[in-house]
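Please read the structure below before turning to the comments.
The values are calculated or read from the model by the stated rules, or taken from the named source; none is laboratory data. As the structure is a computational prediction, the values presented were derived from the model and not from experiment. So basically every Cβ, Gly included, is an ideal-geometry build from the backbone, and we count neighbours across all protein chains shown. For accessibility, only protein heavy atoms count, side chains too; no ligands or nucleic acids. Shrake-Rupley method; radii C 1.70, N 1.55, O 1.52, S 1.80 Å.
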Amino acid sequence: LVCVISQPPSKTKRNSKQLVKSPVHEVAEQAGLQVITPERIKDESVLQSIREMNPDLCITAAYGQILPKSFLSIPKYGTINIHPSLLPKYRGA
């Protein structure tokens, strides 16, 4: 695992000034992994940073932004989007 890309820390409540990291960000830091939190995944500087990591594979889960083709095409073996939810199991029930 080379890096974790997570949403930037956000405010917990409407009037709160406290920024809170995502659960993924917290776990990655606890595991000693590199974490980057770009405001916009489409920014060329962010994409260049990812290219420099030379990933073989990217795995995405509930990222919260539309991932551009310029991101999806970076890894040697592509990008896999996982959706860990029970919703598909109960769809149409």
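Amide H contacts for residue 35 (H built 1.01 Å from N in the peptide plane; partners 5 or more residues away or on another chain; cut-off under 5 Å): 4.
For the listed peptides 18-28, 60-70, a ranking on the average number of other beta carbons within 10 Å per residue, highest first, reads 18-28, 60-70.
Take the eigenvalues of the Cα gyration tensor for the chain, scale each by 5, and report the square roots as semi-axes in whole Å, largest first. It would help to have the intermediate numbers written out before the result.
On the way: eigenvalues 102, 89, 38 Å².
The equivalent ellipsoid of the chain has semi-axes of 23, 21, 14 Å.
Lysine pair count for the chain (Cα-Cα distance under 26 Å; residues 8 or more apart in sequence or on different chains): 6. Solvent-accessible surface of the chain, taken per residue with a 1.4 Å probe and all protein chains present: 77 Å². Relative contact order, whole percent, for the chain stands at 24, derived from Cα pairs under 8 Å and 6 or more residues apart.
Each residue, residue 44 and residue 20, gets one label point 7 Å from its Cα in the Cβ direction; the gap between the two is 3.7 nm.
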